[in-house]
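Enquirer: Below is one structure. I have some questions about it.
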Amino acid sequence: MSELKTIAVLGAGTMGNGIAHVCARSGFNVVLCDIKQPFLDRGLAIIENNLAREVTKGKLTQDQAAQSLARITPTLHRESLNTCDLAIEAANEQFEIKSALFKDLDRILPPEAILATNTSSISITKIAAQTNRPDQVIGMHFFNPVPVMQLVEVIRGLQTSQATFDTVQSLAQQLGKTPVEVNDAAGFVSNRVLMPLINEAIYAVMEGVATPEAVDKVFQLGMAHPMGPLTLADFIGLDVCLDIMRVLVAGLGDPKYRPCPLLIRMVDAGWLGRKSGRGFYTYT
Ligand SMILES: NC(=O)c1ccc[n+]([C@@H]2O[C@H](COP(=O)([O-])OP(=O)(O)OC[C@H]3O[C@@H](n4cnc5c(N)ncnc54)[C@H](O)[C@@H]3O)[C@@H](O)[C@H]2O)c1
C-alpha cells in the first residue's frame, strides 16, 4: 500500500468541508475543489470556525489548528488535482454530476490514485463504471457533522479490489473514525433505514397526524433519539433527503420508497432546512 500524502476533496459544502477538516487535522495535505469561489470561501470559513471551536474545547492547540488550515489549498481548477494520491468526492447527490466528475478525476489523477465517493445512496458499481479504474473506486460514506461523527461506511462496488478496500479502511482509521464494511445496494445500510423513517415522519406532518415538534418529541422521549427525524432532516438538507429517496425508489423498485409530496413541495420552495434558513423549523 503506497503512502497517502495529498487528498483531493471535491465539493466544499456540508460534507466536503467536514471531510477536508478531518483530513487536514490528521496531517494530510488537502486540495479542496468546488465550482464557484463563494462556495470555497464559505467552506473554508466553516472549517476555520470549527477548528477554532476545537481549540476552545481543548481538543487542538492554536498551532495545530493553524497548521491544519494551512494544509488546505482551495481551487476552482480540477486539473490541479493531478498530483493527489486519493480523491474523496462530496458533490451533490445526482448521478449526472458524479458521473461527469468521475470521468474527469479518472483522466486527471495519477493512475494509481483511489477515487472514493461520499455518496449517500448512488451505486458505487455504477459510479466506478464511469472510469477506467473500477477496481480503485469505493464508497467512503461519512456522517454529518464529519469532525464529530465516528462512523464511516466503507462500501465495496462489484469491482472494488481488496487493496483499495484495505487502503480506505486504514485511511478512515487514520482520520480517527470507525469504518464499517457494507456492500453496494441503494442507500447502503444507513440511508436505506433512516430515509424511509424521515419520509414517513413527513407524511405524518402532511396528513395532520402531528406537528413537526410533536413528531420529533416522540422520537426523542420515546426512542431516546438525540434529535427527532424532522430536526435531523433539516440538518441533513431536505434536498439531500429528496435526492436519496429518489435513488431508493429507482434502485430498489418498490413504491414504498416514493418521496412524500410535502418533501417535494418544500424543496421546490427552496426550503432546504438549516442551510437555507427554513425547513420544518426556521433558523436565524
Ligand atoms: N448532508 C449530509 O448529511 C450527508 C451525509 C452523508 C453523505 N452526504 C452526501 O455527500 C454529498 C454532498 O452532500 P452535501 O450535503 O455536502 O451537499 P452540499 O449541497 O452542501 O454541497 C455540495 C457541494 O458540491 C459542489 N459541487 C457540485 N458540483 C461539483 C463539481 N463538479 N466539482 C466540485 N464541487 C462540486 C457544490 O457547489 C456544493 O458546494 C452528497 O453525495 C450527499 O448525498 C450528505
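The values are calculated or read from the model by the stated rules, or taken from the named source; none is laboratory data. All values derive from a computational prediction rather than experimental measurement. Cβ sites come from the backbone with ideal geometry, for glycine too, and all protein chains shown count toward neighbours. Calculation scope for accessible area: heavy atoms of the full protein, side chains included, ligands and nucleic acids excluded. Shrake-Rupley method; radii C 1.70, N 1.55, O 1.52, S 1.80 Å.
Enquirer: Please determine whether any residue of segment 157-175 is at pLDDT 95 or above, assigned to a helix (DSSP H, G or I) and within 16 Å of the ligand (Cβ to nearest atom).
Expert: Yes.
Enquirer: Give me the pairs, please: first residue somewhere in segment 180-209 and under 14 Å from residue 248 (Cα atoms) and open to solvent by 30 Å² or more (accessible area, probe 1.4 Å), second residue anywhere and in a helix (DSSP H, G or I) and charged (D, E, K, R), beta-carbon distance under 8 Å, and either six or more positions apart or on two chains.
Expert: 185/192; 196/256
Enquirer: Could you grab me the full set of residues in segment 118-148 that are within 7 Å of the ligand (Cβ to nearest atom) and of a type in the set (S, T, N, Q)? Reasoning before the result, please.
Expert: First, the residues of segment 118-148 that are within 7 Å of the ligand (Cβ to nearest atom): 118-121, 141-144.
Hits for segment 118-148 are 118, 119, 120, 121, 144.
Enquirer: Just to be sure I understand, how many residues within segment 122-141 are open to solvent by 30 Å² or more (accessible area, probe 1.4 Å), at pLDDT 95 or above and either polar (S, T, N, Q) or over 17 Å from residue 168 (Cα atoms) (or both)?
Expert: Residues in segment 122-141 being open to solvent by 30 Å² or more (accessible area, probe 1.4 Å), at pLDDT 95 or above and either polar (S, T, N, Q) or over 17 Å from residue 168 (Cα atoms) (or both): 6 in total.
Enquirer: Now for a different question. How do the helices (runs of 4 or more DSSP H) wholly within segment 185-284 filter down when requiring 1 or more residues that are in contact with a Cys (Cβ under 6 Å, 6 or more places away or on another chain) and within 16 Å of the ligand (Cβ to nearest atom): which remain?
Expert: Numbers: elements: 190-206, 212-217, 229-236, 238-252, 261-268.
Where helices (runs of 4 or more DSSP H) fall fully within segment 185-284 and carry at least 1 residues being in contact with a Cys (Cβ under 6 Å, 6 or more places away or on another chain) and within 16 Å of the ligand (Cβ to nearest atom), they are 190-206, 229-236.
Enquirer: May I pose another question? Only one residue in 4, 32 is touching a strand residue (DSSP E or B) at 6+ places or on another chain (Cβ under 9 Å), modelled with pLDDT of 95 or more and within 13 Å of the ligand (Cβ to nearest atom), so which one is that? Walk me through how you get there before you give the answer.
Expert: Values: 4 fails: within 13 Å of the ligand (Cβ to nearest atom).
Being touching a strand residue (DSSP E or B) at 6+ places or on another chain (Cβ under 9 Å), modelled with pLDDT of 95 or more and within 13 Å of the ligand (Cβ to nearest atom) holds for just one of 4, 32, which is 32.
Enquirer: Under 6 Å between Cβ atoms, which residue pairs at least 6 apart in sequence (or on different chains) link something in segment 236-262 that is assigned by TED's automatic domain parsing to the domain that holds residue 202 and among the basic types (Lys, Arg) with a partner that is part of a helix (DSSP H, G or I) and within 16 Å of the ligand (Cβ to nearest atom)?
Expert: These pairs meet every condition: 258/249.
Enquirer: Give just the number: which of (1) in contact (Cβ under 8 Å) with a residue 60 or more places away in the chain; (2) in a helix (DSSP H, G or I); (3) open to solvent by less than 30 Å² (accessible area, probe 1.4 Å); (4) within 8 Å of the ligand (Cβ to nearest atom) does residue 98 not satisfy?
Expert: (1)
Enquirer: Search segment 101-121 for residues being under 18 Å from the mean Cα position of the chain (by Cα) and open to solvent by 10 Å² or more (accessible area, probe 1.4 Å), and hand back the single one that is farthest from residue 195 (Cα to Cα).
Expert: Among those residues, the one meeting the criterion is 114.
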